[in-house]
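The values are calculated or read from the model by the stated rules, or taken from the named source; none is laboratory data. It should be emphasised that the depicted structure is a prediction, and the values quoted were computed from it without experimental measurement. Heads up, the Cβs are rebuilt from the backbone with ideal geometry, glycines too, and the neighbour counts pull from every protein chain shown.
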Amino acid sequence: MKAECKKWLEKKLEKIQGFESYTAEKTNESIAKQYGLSPSDIVKLNYNENLYIPREKLVPLMKEVAEECDFRIYPQEEEARLKEKISEYLKVPQDCVTIGNSSDEVMERVIRIFLEKGDCAVTFTPTFTVFKYCVKYQDAEYAAVPLKNDFSIDIEGMRKAFTSSSKLLYLCSPNNPTSNQLKLEEIETLIEEFPGIVLVDEAYAEYADYSVVPLINKYENLIVLRTFSKAFSLAGLRLGYAVANPTLAKAIDKTPAPYPVNVVSLSMGRKLLENIDIMRESVKALKTERGKLINKLNEIKGIEAFDSKANFVLFNTAKPYEEVYQNVLKKGLIIKKLGKLLSYENCLRSTVGLPEMNAKLLTALRETMGDKA
């Protein structure tokens, strides 16, 4: 390798290594080995996956997909058929829908299209960290305004962050990790006042009180992200989509990579929309269990659990969060450690698991917190 090429490559790699990125946590197998447990005893509550749709209901649909699809050829009509079903589900025209390899990939695509070096992306903090990582990879500026202590938006603070270089505003609602849904009137205020594209991430919309999807008819600068990873239990297939006015949707659809989504994901998404009651029943069951979990967490001395409009619960502990996390982990329960969020010093997050999973979590937390009640 020539000296000038080697120098360039080293500099490029050094820059890439300096970027933050999403890092997967330890697997069930590695944690089981570390603590002398069986992998089957590990309770995974750290990634907000939805276990309320039983595998027994998904496997027959996957078998149908396997029978119907010819994996030897590139996707044919699968994407159009999925768009048709999404259109019926959300009551929007088909040309308002664009599909991607997870909502994260669609987000990254939006950032590449609408942000250039020197532009600024605005959001609040804390929120979904992948947005920040994607912005930084694009060599754009990132401005984050702290939420108020009740997790609501600081509207005046957001307004002050808007400048002539602000081109993209990201609003996660319901927000990860705070689990609250933003007020509709505040979202509309920000859409109306922001000088660029507004991206509303509704990954958890099915668990919330409302959706902003109908607003795409009112605001030409609005893009709404949705996913099949949460309420539809297809996290492993990485299927997501965006909804926007036809002009924006067409722009997002214009990707240089041919056939970005595989036939299995496209077909399984369609199958679940054709069997929509499977999802709706699971959401209803999870929301019921979510309320019980929040109440039980708040009964434990030294724990404050917050209300949730998502499929996870955020809570703050009187003991150091690292101590709580490790003690729970040793018992085979994986939750998400977050640390300091706003004025809350010891935050952790747990997926709303199945009732028996939540019971184990509550027992472990009571023992950790020294609550013998």
Here, strands (runs of 3 or more DSSP E) confined to the range 135-234 with at least 2 residues that are in the same structural domain as Ile86 (by TED's automatic domain parsing) and either touching a residue at least 60 places away in the same chain (Cβ under 8 Å) or crowded, with 21+ Cβ neighbours inside 10 Å (or both) are 166-172, 197-201, 222-227
Given the conditions (1) surrounded by 21 or more Cβ atoms within 10 Å (Cβ to Cβ); (2) at positive phi, every one holds for Leu365 apart from (2)
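Which of the residues belonging to the range 322-356 are among the β-branched types (Val, Ile, Thr) and not in a helix (DSSP H, G or I)? It would help to see each step written out before you state the result.
Keep residues of the range 322-356 that are among the β-branched types (Val, Ile, Thr), which gives 324, 328, 334-335, 351-352.
Result: Ile334, Ile335, Thr351, Val352.
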Can you confirm whether the range 236-257 contains a residue that is in contact with a helix residue (DSSP H, G or I) (Cβ under 8 Å, 6 or more places away or on another chain), in a loop (DSSP other than H, G, I, E, B) and under 17 Å from Glu49 (Cβ atoms)?
yes
For Thr163, the lone unmet condition from (1) in contact with a Pro (Cβ under 9 Å, 6 or more places away or on another chain); (2) closer than 18 Å to Ala249 by Cβ; (3) of a type in the set (Val, Ile, Thr) is (2)
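Say whether the condition of being part of a helix (DSSP H, G or I), aromatic (Phe, Trp, Tyr) and either in the same structural domain as Ser350 (by TED's automatic domain parsing) or closer than 26 Å to Ala231 by Cβ (or both) is met by at least one residue in the range 40-50.
Step one: list which residues in the range 40-50 are part of a helix (DSSP H, G or I), which gives 40-41.
Of the ones still in play, those that are also aromatic (Phe, Trp, Tyr) are none.
Checked the range 40-50: no residue is part of a helix (DSSP H, G or I), aromatic (Phe, Trp, Tyr) and either in the same structural domain as Ser350 (by TED's automatic domain parsing) or closer than 26 Å to Ala231 by Cβ (or both).
Give the residue that is farthest from the chain's Cα centre (by Cα), with candidates limited to residues of the range 351-373 that are of a type outside the set (A, V, I, L, M) and under 13 Å from Lys296 (Cα atoms).
If we filter the range 351-373 for residues that are of a type outside the set (A, V, I, L, M), which is where we start, we get 351, 353, 355-356, 358, 360, 363, 366-368, 370-372.
Going one step further and asking which of them are under 13 Å from Lys296 (Cα atoms), we end up with 355, 358, 360, 363, 366, 371.
Details: Pro355: 23, Asn358: 21, Lys360: 25, Thr363: 28, Arg366: 29, Asp371: 33 Å.
Top of the filtered list is Asp371.
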Across the range 76-90, the tally of residues that are of a type outside the set (Phe, Trp, Tyr), surrounded by fewer than 18 Cβ atoms within 10 Å (Cβ to Cβ) and within 27 Å of the chain's Cα centre (by Cα) stands at 5
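Condition check: assigned to a helix (DSSP H, G or I), of a type outside the set (Lys, Arg) and in the same structural domain as Leu354 (by TED's automatic domain parsing). Does Ser87 satisfy that? Can you show your working first?
Details: assigned to a helix (DSSP H, G or I): yes; of a type outside the set (Lys, Arg): yes; in the same structural domain as Leu354 (by TED's automatic domain parsing): no.
It is false that Ser87 is assigned to a helix (DSSP H, G or I), of a type outside the set (Lys, Arg) and in the same structural domain as Leu354 (by TED's automatic domain parsing).
If you take the residues in the range 1-29 that are part of a helix (DSSP H, G or I) and in contact with a Pro (Cβ under 9 Å, 6 or more places away or on another chain), which one is surrounded by the fewest Cβ atoms within 10 Å (Cβ to Cβ)? Quick ask: steps written out before the conclusion?
Going residue by residue through the range 1-29, those that are part of a helix (DSSP H, G or I) are 3-18, 28-29.
Keeping just the survivors that are in contact with a Pro (Cβ under 9 Å, 6 or more places away or on another chain) gives 28-29.
On the way: Asn28: 17, Glu29: 10.
Filtering the range 1-29 for residues that are part of a helix (DSSP H, G or I) and in contact with a Pro (Cβ under 9 Å, 6 or more places away or on another chain), the one surrounded by the fewest Cβ atoms within 10 Å (Cβ to Cβ) comes out as Glu29.
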Within the range 290-303, residues being touching a residue at least 24 places away in the same chain (Cβ under 8 Å) and either over 18 Å from Met357 (Cα atoms) or in a helix (DSSP H, G or I) (or both) number 9
For Val328, the lone unmet condition from (1) surrounded by 22 or more Cβ atoms within 10 Å (Cβ to Cβ); (2) within 22 Å of the chain's Cα centre (by Cα) is (2)
If you go through Ala359, Ala285, Ala310, the only one that is free of Cβ contacts under 8 Å to residues at least 60 places away in the same chain and either farther than 21 Å from Leu237 by Cα or not in a helix (DSSP H, G or I) (or both) is Ala359
Looking across the range 92-110 at residues that are under 20 Å from the mean Cα position of the chain (by Cα), farther than 30 Å from Ser343 by Cα and acidic (Asp, Glu), the single one that is surrounded by the fewest Cβ atoms within 10 Å (Cβ to Cβ) is Glu105
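For (1) surrounded by fewer than 20 Cβ atoms within 10 Å (Cβ to Cβ); (2) under 22 Å from the mean Cα position of the chain (by Cα); (3) in the same structural domain as Tyr35 (by TED's automatic domain parsing), each residue gets a yes or a no:
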| position | (1), (2), (3) |
| --- | --- |
| Ile252 | no, yes, no |
| Leu266 | no, yes, no |
| Arg270 | no, yes, no |
| Leu293 | no, yes, yes |
| Glu299 | yes, no, yes |
| Ser308 | no, yes, yes |
| Phe315 | no, yes, yes |
| Gly332 | no, no, yes |
| Lys336 | yes, yes, yes |
Checked Asn46, Asn50 against criteria (in contact (Cβ under 8 Å) with a residue 60 or more places away in the chain, surrounded by 13 or more Cβ atoms within 10 Å (Cβ to Cβ), within 30 Å of Ile278 (Cβ to Cβ) and in contact with an Asp or Glu (Cβ under 7 Å, 6 or more places away or on another chain)); the one match is Asn46
Ile113 vs (1) touching a Lys or Arg at 6+ places or on another chain (Cβ under 9 Å); (2) touching a residue at least 60 places away in the same chain (Cβ under 8 Å); (3) β-branched (Val, Ile, Thr); (4) surrounded by 20 or more Cβ atoms within 10 Å (Cβ to Cβ): all pass except (4)
